[in-house]
Amino acid sequence: MDVPVLAVTIGDVAGIGPEITAKTLLGHDDLRAECVPVVLGDAGVMRRAVRDVGGDPDAVRVLERPRDATNAPGVVEVVQVGDPLPEVTVGELSPVAGDAAYRFVVAACDLAKAGEVDGIVTAPLNKAAMHAGGHAFPGHTELLAHEFGVEDFSLVLSAGDLYLFHLTTHVSLRQAIEDVTPERTDAVLTLVDAFSRALGRPGERIGVAGLNPHAGENRIFGDEDADVLEPAVRRAQERGVNAHGPLPADALIPAAVKGRWEFVVVCYHDQGHAPFKAVYGDDGVNITVGLPVVRVSVDHGTAFDIAGQGIAREASLVLSCRRAAALAPGWGHVRDAAQEVQEQEDVAS
């Protein structure tokens, strides 16, 4: 294939994942000039989803392997993962759906390891359903890291030229504070630098948000900024990384939204997610940096309240496919940097 082959997992089948996948593949033929999107999931679910969005269920075709795809317009090509799913009630939390969403992701990872796909794009899963299905991962990101055996990775929110890297994600705020360590900060700053090189933009400025209000205000509001983040920024600079901070988050993030910073490191989940979603909505995606292959996801959830009605917007999934296709060819820089970080940590331990 002249363009990347992408495994598109449909997420929780009781949510909007199948229908936004159907809308993406049936309504955006221009996408096929950039990638070969192949659905990983359940063919019966996809036929239902195509019907829900006003399409012909016969547009769904089952493949044995992703590289058999024709990438023809108006067709939804699916690799069936496991046995056909039993009927699942749309809009309701289901252990069956949670287990299936887990299996779709694992199948995508296996295909990536085998070189059958060049990237992974994920529709949303429901964490409670996945837990009910017997898989106690905090979310997609941690599941993917586990499947690839990766310890150093970062959840990255992106819209346009802005990239928000996270030191911590799906943990309590109390745990997040403990997890902002020198080692973790060093690893993420290395990943940010590698990612900028993968984009063909080496040496870009990286702004590091403070953990505490006013980045600690000279230790008045806490010691973590002075004791952990500031030394990590200095070490990064000594390695040739153009890092700056820690800077007060309430100044750094608005400046980034206005285009004054394009690479930003935030300390915890809501420090990045809350302002990002307030500003960008469907115009954002979620990238996992540190995996051996590119993975991009929508930045929204399963939306059980509107699932099955054919009204869910597919914009974030379309953008996710475009981003994955654009990043896949240069992803080796990020993969190699992540591997180097992990090897250094293994030696140190």
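Has segment 255-275 got any residue that is among the small types (Gly, Ala, Ser) and modelled with pLDDT under 90? No, segment 255-275 has no match at all. Quick check: anything in segment 134-143 within 18 Å of Gly82 (Cα to Cα), at pLDDT 95 or above and open to solvent by less than 50 Å² (accessible area, probe 1.4 Å)? Yes, the conditions are met somewhere in segment 134-143. Among the residues of segment 167-185, just one is assigned to a helix (DSSP H, G or I), open to solvent by less than 40 Å² (accessible area, probe 1.4 Å) and not β-branched (Val, Ile, Thr), namely Ala176. Of everything listed in (1) touching a residue at least 40 places away in the same chain (Cβ under 8 Å); (2) open to solvent by 10 Å² or more (accessible area, probe 1.4 Å); (3) under 19 Å from Ser158 (Cα atoms), the single unmet condition for Pro231 is (3). The residues in segment 72-93 that are free of Cβ contacts under 8 Å to residues at least 60 places away in the same chain and either open to solvent by 20 Å² or more (accessible area, probe 1.4 Å) or assigned to a loop (DSSP other than H, G, I, E, B) (or both) can be counted, and the count is 11. All of Arg201, Arg234 fail the test of being within 25 Å of the chain's Cα centre (by Cα) and among the basic types (Lys, Arg), apart from Arg201.
Among the residues of segment 294-324, the ones that are open to solvent by less than 10 Å² (accessible area, probe 1.4 Å) and touching an Asp or Glu at 6+ places or on another chain (Cβ under 7 Å) come to 2 in all. Total residues in segment 9-30 satisfying the condition of being in contact with a helix residue (DSSP H, G or I) (Cβ under 6 Å, 6 or more places away or on another chain) and either open to solvent by less than 10 Å² (accessible area, probe 1.4 Å) or not in a loop (DSSP other than H, G, I, E, B) (or both): the figure is 11.
The values are calculated or read from the model by the stated rules, or taken from the named source; none is laboratory data. All of these numbers come straight from a predicted model, not from anything done at the bench. Heads up, the Cβs are rebuilt from the backbone with ideal geometry, glycines too, and the neighbour counts pull from every protein chain shown. In case anyone asks, the SASA skips ligands and DNA or RNA and just uses the protein heavy atoms, side chains included. Shrake-Rupley method; radii C 1.70, N 1.55, O 1.52, S 1.80 Å.
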